[in-house]
Amino acid sequence: MRDLKPRKDLLDIEGLELPEIEYVLSNAVPFKQLFQRSVKKVPTLRGKTVLNLFYEPSTRTSSSFEVAANRMSADVTNFTVSSSSVVKGESLLDTIETLQAMRSDYIVIRHQAAGVPDIVAKHTGASVINAGDGYHAHPTQALLDAMTFREVCPDYQGRKMVIVGDVLHSRVARSTSTLFHKLGIEVGVLGPGTLIPAGRHEFIRRFRSWDEVFDWKPDAVYLLRVQLERQEGMFFPSIAEYHKMYGMNTERLVRMRQIGAYLMHPGPVNRGVEITDEAMRYERSLISTQVENGIAVRMAVLHWLKPETDTD
Amino acid sequence: MSESGDNVREAILSPEEISAGVADLARQIAYRCAGDEVAFVGIYTRGVTLASRVAEALKGQGLHYPLGTLDISLYRDDFDNRGSDLPTLESSDIPFGLDGIRVILFDEVIFTGRTIRAALDGLMDYGRPAKIELAVLVDRGHREIPIQPDYVAKRIGTTRDQYVKVRFREDDGGEEGVFLETPRKVPAA
Amino acid sequence: MPSATLRLFQNGRIASADSKELVAADLLVDGTGTIVAVGTGLTVPVGAEVIDCAGSVLVPGMFDVHVHAREPGQEHKETLATCSAAALRGGVTGVVLMPDTSPPVDTGNLVKSARDLIAELSAIPMLQSGCLTKGREGKEMAGFSGMASRGVPMLTDADRAVPCPDLLRRCMEYARDFDLLVTSHCDTPALTKAGAINEGRVSYRFGLPGIPAISQEIAIDRDIRVAQHTGAKLHLQQISTERGLQSVRCAKEAGTLVTCEVSPHHLVLTEQDIRDYNTHFKFNPPLRPLADVEALVAGFIDGSIEVLACDHAPHTEFEKSSEFGTAPFGAAGLETTVPLMFDRFIRKGVFGWDLLIERYSAAPRRLVGLAPVAIAEGARAEFFVFDPEGETPVTRETMKTKSPVSPFLGETLAGKVRGTALGAAWHPQG
């Protein structure tokens, strides 16, 4: 595609132009087709190195990036830091200097503090891919969600999705709703008033009950993971009450079937909290498709970004 | 002779000559592949068109060869040099097994041979054919690696800095022909 | 540098808090630091040093009631020497030091040792304030009488609110007997939590934990009510929202002994100015939306806010280079405040030198019981020479503070402090 500005980093969704989004999403399709071959690997990134830098444990996301990089023949180094980077004496910039010395071409970074990928990107020639920072952004999750939604709704413009749960503290909700809005998909949210950012996203409609949601007839329902560790009785009274009010249960599954809605979830799920065992087996669940598309989208992102470490 | 941008453009094959070339390729293939299990694989974009035209021509002779497509972007050796011209990937589609069959790869022009090298790598990730051959509309010379076509419709002599542009009406908004473009020489001071 | 010579400041224009007009005059300062003559066309005495002030404004020295000099205990951030050098570059000739040093200044003896250090190391007069509670821990009252006898101008827990309203009430009741000013950092820690920037659209976009406006507003309301109840004199630091300002106005109308200050960054920056997770824009109270900033400017002009104070809070570049969420709050402000006020307001005619002198020189001195300084015959020399045509680059290299951390870094502000006269000393600024 001509006249797309080369991009070094993928930090958030807000900064992306529509043609760039289309470019990545359309390239992800041929990448996904590679998975059908007996040889799933292509030599595109032979000799390149990808550093998976995770300050927050996340086996799923880091494995997804690792598989994506491996399938493009890149060398992958996994680097998981369990403690905070704010170890006395070493600043973020010191860490970046260490990373520079490793001469990675791509740095995939997950950090509990918002903005860290931005800072790393500014100080390194490597392409930085934000794999989730604080409450801020998780752009590859948003892209894989869009790819998944568009596979089942090819005429996606004007279609509708409802995000359910802790929208306030969710980088997934933030990035996915922003991307869906850019693509012309309507987004609504359902959740307790304590976890819905009031008036901060004018384009998002807010629902107060599942009845309102089903009356709106969304094409997909996106359940967010309830962060059990964030629960201190501050945002809702109990897990049981959350499940009762907002969880996907048998009765709501009947309504889902009636309107033919798809079910999405960024994983990993809390069974019995935001979703029941039965709902996990829902025939229109896209949860495992999301995992597969995650690899394809991440390959397309690695293929798209242009590190400034090239020696040409 | 006409001008296209800063290049001097010269038609070297007319639409009729292209049709004759396609027929010629079909003839050569039918003759040499008689009795074998054969499949065609076209390299995006115009190799696909060439392969389907040749396959169409052979249908008239009762020969039905399956047709696959191959995008070699992911196999190129110049990935680092991509500029603002980002490659849009196409879906490679090879809806048949390659193991043990005779595969004919199609591209519109052979030049340095690097594209074919990438295509061979890509093709072999789909299976292990008994034999792989190469068919091209135009061989313009200047090989950089030891790869040669097996079926050629037209050989033309060129200088290294010239461009050979194949235009197929399916891919190029109705335009049809093969053109030789020569960069305009800046007169010596 | 101190010298025994006469100094003639020639062809300047004198600004004052009382008049919008600048008065053209020469100024003669003698070897004792006294202004001995003011008038046009003064003859140059034999041997006098002549300082050409043509085109420049002579402005009474500023006084900043909210300064963290970091010494003793955190000399890696700032020292009394670098702090006073920064003040002189900014035309500031007196400050009140916050007590949040290591150890915190919470006894008379510590006030005494702070005053000794100041006398030894600072190039300008500095008043040392004392803590409200022991160790700034918000648990027990600090030793007010000892600190009062050592002349503290105010009591404050500096950047920390007293969390328990009962303790705050007792502090105010006790301070009233010593006629001590209680100064509040207005904040409700249970609401602020780990917040990093103003809670709202911007914090949501950045994915950073927010500090809600009510965190400051509730604290303002609480402290005003406690002051009304106890009859103590209350000063509120760094008002940052329109609602908070309204509370202050209401309290004043009700006759409460309350004053408040605003910081320069809250007058010129909004939360929208925060870009790229730049921690130099991280303040507590945080930068607010435009509507609040406009209300603060209006309150600054109409006198609802009587004091400008910069909250000079240097942290090293290293400390500021961490993630936005964990980086410390605050930046250096002493040397940028006057040029910033000139660049953003005076130059554009929003207000004049008279208002700035009132808010940043006269009112802050009155707040701590000092007489305002004026440029007049018989007065001690305490003024700076400001060139409106000059420029103040804000760069790591030009800043005198030990920690060149500022949201204005990289900017060139209009106007320049050419030099500051303090008694017999003249401190030219390069």
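What follows draws every value from the coordinates through simple rules; no lab data is involved. Predicted model only: the values in this text are computed from it and were never measured. When we count neighbours, we look across all protein chains shown, and the Cβ atoms used for this are built from the backbone with ideal geometry, even at glycine.
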Give me Rg/Rg_expected for region A:139-288, where Rg uses Cα atoms only and Rg_expected = 2.2 N^0.38 Å with N residues. 0.95
What distance in nm lies between label points placed 7 Å from Cα along the C-beta direction at A:ASP277 and C:GLN228? 6.1
Along the Cα→Cβ direction, 7 angstrom out, place labels at A:MET234 and C:GLU294. What is the inter-label distance in nm? 3.3
Roughly speaking, what is the stretch gain from C:THR32 to C:ARG366, that is 0.36 nm per residue apart minus the C-alpha to C-alpha distance, in nm to one decimal? 117.7 nm
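Based only on Cα atoms, what Rg/Rh ratio does region B:46-189 have, Rh being taken as Kirkwood's radius? Provide the component values of the computation, followed by the final result.
Values: Rg = 16.7 Å, Rh = 16.9 Å.
Dividing the radius of gyration by the Kirkwood radius yields 0.99.
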Taking the 0 to 90 degree range and rounding to the nearest ten, how far is the long axis of helix C:165-177 tilted relative to the main principal axis of chain C, both from C-alpha atoms? 40
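How would you rank C:CYS131, C:CYS164, B:CYS33, C:CYS53, going from fewest to most other Cβ atoms within 10 Å of each one's own Cβ? Let's see the in-between values first.
Values: C:CYS131 30, C:CYS164 13, B:CYS33 18, C:CYS53 24.
The most exposed by this proxy come first: C:CYS164, B:CYS33, C:CYS53, C:CYS131.
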First measure r as the distance between the Cβ atoms of B:GLU17 and A:HIS181, then evaluate 1/(1 + (r/R0)^6) with R0 = 56 Å and state the FRET efficiency to the nearest 0.05. 0.60
Test item: Cα-centred dipole of chain C, Lys/Arg +1 and Asp/Glu -1 on Cβ, debye: 460
Hits in region B:145-189: amide N under 17 Å from the 7 Å Cα→Cβ extension of B:ARG27, namely B:151-155
Percent of C-alpha pairs per 10 Å bin, region A:218-294, short to long: 18, 51, 26, 5
Picking from C:GLY39, C:GLY349, C:VAL29, whose Cα lies most toward the positive end of the charge dipole for chain C (charges on Cβ: Lys, Arg +1; Asp, Glu -1)? C:GLY349
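Ignore the peptide's own chain and count Cβ atoms of other chains within 10 Å of each Cβ in B:20-29; give me the average, rounded. All intermediate terms of the calculation are to be shown ahead of the outcome.
On the way: counts 0, 0, 0, 0, 0, 0, 0, 0, 0, 0.
The shielding value for this peptide is 0.
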How many Cβ atoms of partner chains, on average, are near each residue of A:153-163 if near means within 10 Å of its Cβ? 0
Per the 1/(1 + (r/R0)^6) rule, R0 = 35 Å and r from the Cβ atoms of C:ALA425 and C:GLU389, FRET efficiency to 0.05 is 0.85
Check: the protein assembly as shown dipole with +1 on Lys, Arg Cβ and -1 on Asp, Glu Cβ, in debye: 1180
To the nearest 20 debye, what charge dipole does chain B have about its Cα centre, counting +1 at the Cβ of each Lys and Arg and -1 at the Cβ of each Asp and Glu? 520
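Roughly how crowded by other chains is peptide A:117-127, in terms of the mean Cβ count from those chains within 10 Å of each of its Cβ atoms?
2
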Say R0 is 22 Å: what FRET efficiency, to the nearest 0.05, do A:GLU22 and A:PHE203 get from their beta-carbon distance? 0.65
For a 28 Å ceiling on Cα separation, which of these pairs sit above it: B:LYS59/B:LYS131; C:LYS20/C:LYS252; A:LYS5/A:LYS122; B:LYS59/B:LYS154; A:LYS32/A:LYS182; A:LYS122/C:LYS348? A:LYS122/C:LYS348
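Go through A:59-65, B:59-65 and give me the packing order, highest mean Cβ count within 10 Å leading. Spell out each step's value before the answer.
Working: A:59-65: 19.1, B:59-65: 11.6.
Packing order, densest peptide first, comes out as A:59-65, B:59-65.
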Which order do the peptides C:403-411, C:308-316 come out in when sorted by mean C-beta neighbours inside 10 angstrom, highest first? C:308-316, C:403-411
Ranked on Cβ counts within 10 Å of their own Cβ, fewest leading, A:TYR242, C:TYR277 go A:TYR242, C:TYR277
With N denoting the number of residues in region C:61-367, provide Rg(C-alpha) divided by 2.2 N^0.38 Å, to two decimal places. 0.93
Checked against the positive end of the charge dipole of the protein assembly as shown (+1 on Cβ of Lys and Arg, -1 on Cβ of Asp and Glu, about the Cα centre), the farthest of A:PHE79, A:ALA279, C:GLY108 is A:ALA279
Any chance you could run the full-extension gain for C:LEU167 through C:HIS76? It's 0.36 nm times the residue separation minus the Cα-Cα distance, nm to one decimal. 29.4 nm
Points 7 angstrom from Cα along the Cβ direction at A:SER58 and C:SER19: gap in nanometres? 6.7
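Translational D (Stokes-Einstein, µm²/s) of region C:107-201 at 4 °C and 1.567 mPa s when Rh comes from the Kirkwood sum over C-alpha pairs? Mind dumping the intermediate values first?
Numbers: Rh = 14.5 Å.
Estimated via Stokes-Einstein, D reaches 89 µm²/s.
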Which number do you get for Rg(Cα) / (2.2 N^0.38 Å) in region C:336-430? 1.16
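Taking a temperature of 10 °C and a viscosity of 1.306 mPa s, what whole-number D in µm²/s does Stokes-Einstein yield for the protein assembly as shown with Rh from Kirkwood over alpha carbon pairs?
So the translational diffusion coefficient is about 48 µm²/s.
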